[in-house]
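**Q** Below is one structure. I have some questions about it.
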Amino acid sequence: MKKLAENQMVRFVIRKLCIMFLTVMLISLAVFYIITLPPGDFLTRYIGRMTAAGETVDPVMIENLRSQYALDRPFIVQYWRWVSNILFHGDFGYSFSLSMPVTTVIRAYIVPTMALSLATMLFTYLVSIPIGIYSAVRQYSVGDYLFTTIGFLGQAIPNFLMAILLMFLSFKLTGDTMLGLFSPGMQNAPWSWAKAADLLKHCVIPVIVIGTGNTCGLMRTMRSQMLDELSKNYVMTGKAKGMRAAAIRYKYCVRAAVNPIVSSIGWSLVGIFTGSTITAIVLNLPSMGTVMYEALIDQDMYLAGSWLFLMAIVTVIGTLISDILLAWLDPKARKEYLKG
């Protein structure tokens, strides 16, 4: 029986991976189409800027660039060239605005972006789930009212405004606005315990700003789900059989209440990535958010399309993780998944 269940789970994961691949390919097609929708391209904008500055542009060079990067070819040819290079060669194209391969740009910015996003996600779940449980168990207590108020405020205050407020508060208390991920003296210094401590210090404000909105939303969700579970008949049955309230609460109620939180991991992960863009601009963070913003403005199609393509991959991976965790936590979901 156990081996059968394991085989079913393997088939479920393989089926999901196949669906993921098809989904990512369809999303990549939609992404590339949307990126090429605005009239003109980067070279058109480049010619306009050079002409406005009074400089001459070599038309032969422009035509050579159009031919080299297939900008003069039909949409489907441009798309296939881009996606086939990604699939078979790991080549995401060339960033015209930064004058370097897109792979080089992503490699330079992906580590701080991933580190910040994963730290924010960890903060979000470690804070929201315990507070949601506490608010449900201690319903209408002073702590419940306090966390409810904080939750509403956290969802109401825009990220950029919270970033500015925390920067001002940091400057008043420490004399440092905590811009960027490192202090000026540590930016190019070799890695050491002092540099690691400086990085952690500068991560506090970005993590709080990016994670607050999502944390407050998940906190309210966890509270309402936990209250619903605590009112169900199996809780009363367990107490009547002599089980401790804490055992019922954490062994059964929490496991059932956390299902909606688990199922939202895919969207939460992407929300953290995309939500960090405005915060990155305000706090001067070296993340892909600011690079993506400039790429969209400059119509840097390969850089913008590649980042959106990676976001699609993160979304489907997050959704797969959510499905696997949900199948592990919820027997009903597991039975439905394995049956399908």
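Quick note: the coordinates plus some simple rules give every number you see, no bench work behind them. Remember, predicted model here, so these are calculated numbers, not experimental data. A quick note on method: Cβ atoms are made from the backbone with ideal geometry, for glycine too, and the neighbour counts reach across all protein chains shown.
**Q** Please name whichever of 77, 146, 180 sits farthest to the positive end of the charge dipole of the chain, dipole taken about the Cα centre and charges placed at Cβ: Lys and Arg +1, Asp and Glu -1.
**A** Positive-most Cα among the choices belongs to 146.
**Q** Moving on. As a test of the formula, what do you get for the chain when each DSSP H run with n ≥ 4 contributes -39,500 (n - 2.57) and the sum is divided by the residue count, at 222 nm and rounded to the nearest 500 deg cm²/dmol?
**A** On the way: 16 runs with 263 residues, N = 340.
The helix contribution divided over the chain gives -26000 deg cm²/dmol.
**Q** Also, quick follow-up: With r as the distance between the Cβ atoms of residue 88 and residue 149 and R0 = 56 Å, compute the FRET efficiency 1/(1 + (r/R0)^6) and round to 0.05.
**A** Working: r = 54 Å, r/R0 = 0.97.
The formula returns an efficiency of 0.55 here.
**Q** Specify, per residue and in Å³, the volume enclosed by the convex hull of the alpha carbon atoms belonging to the chain. Please report the intermediate quantities before stating the final value.
**A** Values: hull volume 70.6 nm³, N = 340.
Convex hull volume per residue, Cα atoms: 208 Å³.
**Q** Now for a different question. Could you give the dipole magnitude of the chain about its Cα centre, charging the beta-carbon of Lys and Arg +1 and that of Asp and Glu -1, in debye to the nearest 20?
**A** Values: 28 positive and 18 negative charges, 441 e Å.
The dipole magnitude comes to about 2120 debye.
**Q** While we're here: Tell me the Rg and the Dmax, in Å, that the Cα atoms of the range 183-233 produce.
**A** Taking only Cα atoms of the range 183-233, I get Rg and Dmax of 19.3, 61 Å.
**Q** Taking 0.36 nm per residue of sequence separation and subtracting the Cα-Cα distance, how much length would be gained by fully extending the chain between residue 55 and residue 245, in nm to one decimal?
**A** On the way: separation 190, 0.36 × 190 = 68.40 nm, distance 7.77 nm.
So the extension gain works out to 60.6 nm.
**Q** Rounded, prolate or oblate: which fits the range 49-172, taking a ≥ b ≥ c as square roots of the Cα gyration tensor eigenvalues, rounded meaning a/c under 1.5, else prolate when a/b beats b/c?
**A** Details: a/c = 3.69, a/b = 2.33, b/c = 1.59.
In terms of gyration-tensor shape, prolate.
**Q** Moving to a separate point now. Between 130, 309, 207, whose Cα lies farthest towards the positive end of the dipole of the chain when Lys and Arg beta carbons carry +1 and Asp and Glu beta carbons carry -1, centred on the Cα centre?
**A** Most positive-ward Cα: 130.
**Q** Sticking with this structure for a sec: Please give the FRET efficiency for residue 76 paired with residue 17, using the beta carbon to beta carbon distance and R0 = 30 Å, rounded to the nearest 0.05. Present the calculation step by step, with values, prior to reporting the outcome.
**A** Details: r = 26 Å, r/R0 = 0.87.
Step by step, r from the Cβ atoms, then E = 0.70.
**Q** Okay, moving on. How would you rank 12-23, 127-138, 195-206, highest first, on the average number of other Cβ atoms within 10 Å across their residues? Before the final figure, lay out the partial values.
**A** Numbers: 12-23: 13.2, 127-138: 20.0, 195-206: 16.9.
Descending mean neighbour count gives 127-138, 195-206, 12-23.
**Q** Each residue of the range 291-304 in turn: what ³J(HN,Hα) in whole Hz from Karplus with 6.51, -1.76, 1.60 and θ = phi - 60°, glycine and Pro shown as x?
**A** Rounded to whole hertz, the list is 5, 5, 4, 5, 5, 5, 5, 7, 6, 7, 4, 6, 5, 5.
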